[in-house]
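The values are calculated or read from the model by the stated rules, or taken from the named source; none is laboratory data. These numbers come from a predicted model, not from an experiment. Positions of Cβ are backbone-derived with ideal geometry, glycine not excepted, and every protein chain shown enters the neighbour counts. Heavy atoms of the whole protein, side chains included, go into the accessibility calculation; ligands, DNA and RNA do not. Shrake-Rupley method; radii C 1.70, N 1.55, O 1.52, S 1.80 Å.
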Amino acid sequence: ADEGVRGTKACPAKDGGGGVALKKEIGLVSACGIIVGNIIGSGIFVSPKGVMENASSVGLALIVWIVTGVITAIGALCYAELGVTIPKSGGDYAYVKDIFGGLAGFLRLWIAVLVIYPTNQAVIALTFSNYVLQPLFPTCFPPENGLRLLAGVCLLLLTWVNCYSVRWATRVQDMFTAGKLLALALIIIMGIVQICKGEYYWLEPANAFEPFQEYDVGLIALAFLQGSFAYGGWNFLNYVTEELVDPYVNLPRAIFISIPLVTFVYVFANIAYVTAMSPQELLASNAVAVTFGEKLLGVMSWIMPISVALSTFGGVNGSLFTSSRLFFAGAREGHLPRLLAMIHVKRCTPIPALLFTCISTLLMLCTSDMYTLINYVGFINYLFYGVTVAGQIVLRIRQPDLHRPIKVRLVWPVIYLLFWAFLLIFSLYSEPLVCGIGLAIMLTGVPVYFLGVYWDNKPQCFDAFVGKMTYVGQKFCMVVYPAETSSEEGDEMKDVSSPLAKEDGETQKSADC
């Protein structure tokens, strides 16, 4: 099947063999860029009012931002242990599959492939195009078709960058992450200047906790839920573990650096906002950073919309990079078409997985219900965070002697699960229909799993058709199946693999290249 790629110089495999493999090109700086760049999107610039609105006071809103940052750090620590214990790309999908079996892992992958990543990437790309086009339409909203077209161009450009080079993709991520941090640093510095001028009325304890509406336990829980979603993306580095330089060192280091940094930025950016705006003004604004810039920057207020555009551009790049690795890992385990687990013979990038990610996102841009879908599956996404952390405890009980380069105290996953259960129970209580529809969407993957994965003896004509399509895809993309992992790493994988894996025929099979 590789006649079309003969004569090319393949990138060496990890074990020094003649095959191809994903390159380890993500260092500590780029790893931090992936985490920070994926967490900090448009939210902190556009709409921190979700937390403020439900917290009912400035002081409680700041406490929510701090507490959710601490909980996020605890979850990231749990993922760090899992990431070095099961050092495979794919993040929570890989961990859930190895610990709880093929069906559980497939359902995580199914909901991600079907809705979560295509819709999230489409929304971020639309936010980017909205802020780029807004100056051209100062008195009205940009045309919807124009927004979708520019969002599509953004996706195609970044897909090409990611297909061309991992190094280019990480450099784009580093550059735009630095840009958004500089913009947020400007907001924080202006907030400090405001405080030095005496503009800290809403930060004084007597005023900070003065509610602008009655406190309500349900609304406070919703504020914590909004804050947790704002930290979404903290686990994305686990999707690219195999491309990390020295993952046993750099994975935990990147987490220890990035999560406190994001928490600091989120808390102090919100402090800066209330030095220039009252809670009522903040709640009335559709783009808080833009309103903040108009109040304090004068003729330089254009910096804020540009910052949002740059932030979302980097967000699209980071999401494409990490989600394509999830689909790559799923295909390698036999849960998606085999072609998606192949990489370019020279560039060592998972081109089919990237193209699949891009096409599915472009299709979402053509729909009008993507925001509704996000609401439906947001609950499921958060559900799997808890399932993954619960898997850490299960693995400790099942295999206590398994080598763990990082080992956190069990009290931390327990604290995370208690917080997770609180939010989940509240979500079910407050929006049972939305959560029920999300569960129904996820469960549509059950028949797909048994027909597509579990059923081994498929008709010969079907296997021949799939083989032909795979061959055509290989020729078109110039890709081959990557080399096997090293024996030492492979042994670690066997230690935690589920008995279901062998029954389902999910064990990795090497293709002759």
Heavy-atom SASA rank of Arg347, Arg253 (probe 1.4 Å, accessible area, largest first): Arg253, Arg347
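Under the rule a/c < 1.5 gives rounded, and otherwise a/b versus b/c splits prolate from oblate, where does the stretch 280-319 land using the Cα gyration tensor? List each step's numbers first, then the result.
On the way: a/c = 4.81, a/b = 1.59, b/c = 3.02.
Taking the square roots of the gyration eigenvalues as a ≥ b ≥ c, the stretch 280-319 is oblate.
State which entries of Lys88/Lys407; Lys97/Lys346; Lys24/Lys407; Lys197/Lys295 exceed 21 angstrom in Cα-Cα distance in the structure shown.
Numbers: Lys88/Lys407 17 Å; Lys97/Lys346 31 Å; Lys24/Lys407 24 Å; Lys197/Lys295 15 Å.
Listed pairs above 21 Å: Lys97/Lys346; Lys24/Lys407.
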With a 1.4 Å probe and all protein chains left in place, how much of the accessible area of the chain comes from carbon and sulfur atoms, in whole percent? 66 percent
Rank-order 294-302, 29-37 by packing density, defined as the average count of other C-beta atoms within 10 Å over each peptide's residues, highest first. 29-37, 294-302
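Take the Cβ-Cβ distance between Lys407 and Leu433 as r, set R0 to 41 Å, and report the resulting FRET efficiency rounded to the nearest 0.05.
Working: r = 41 Å, r/R0 = 1.01.
Working from the Cβ atoms, E equals 0.50.
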Quick one: net charge of Ser301's neighbours, Cβ under 11 Å, K/R +1, D/E -1? 0
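Let a ≥ b ≥ c be the square roots of the eigenvalues of the Cα gyration tensor of the stretch 281-425; is it rounded (a/c under 1.5), or, if not, prolate (a/b larger than b/c) or oblate?
Details: a/c = 2.05, a/b = 1.30, b/c = 1.58.
Since a/c reaches 1.5 but b/c is at least a/b, the shape of the stretch 281-425 is classed as oblate.
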Along the charge dipole of the chain, which of Ser311, Phe450, Val265 sits closest to the positive end, that is, farthest toward it, with unit charges on the beta carbon of Lys, Arg, Asp and Glu (+1, +1, -1, -1)? Ser311
Stretchable slack from Arg167 to Ile66, in nm (0.36 nm times residue separation minus alpha-carbon distance): 33.0 nm
Note the listed values [x] 46, 32, 18; [y] 43, 26, 19; [z] 39, 26, 22, then indicate which one is semi-axes √(5λ) of the Cα gyration tensor in Å calculated from this particular structure. [z]
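Hey, can you rank 474-482, 137-145, 350-358 by average C-beta count inside 10 Å, highest first?
Packing proxy ranking, top to bottom: 350-358, 474-482, 137-145.
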Rounded accessible area per residue of the chain, 1.4 Å, Å²: 42 Å²
Rounded to the nearest 10 Å², the accessible area of Glu204 at probe 1.4 Å: 70 Å²
Return the distance in nm (one decimal) between the two label points of a simple spin-label model at Ile303 and Val193, each offset 7 Å from Cα along Cα→Cβ. 0.7 nm
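Per-residue ellipticity at 222 nm for the chain, helices alone: DSSP H runs ≥ 4 residues times -39500 (n - 2.57), over residue total, nearest 500 deg cm²/dmol? All intermediate terms of the calculation are to be shown ahead of the outcome.
Details: 23 runs with 346 residues, N = 513.
That calculation yields -22000 deg cm²/dmol at 222 nm.
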Rounded to the nearest 10 Å², the accessible area of His344 at probe 1.4 Å: 30 Å²
Considering only C-alpha atoms, what is the centroid distance from the stretch 50-126 to the stretch 302-344, in Å? 15 Å
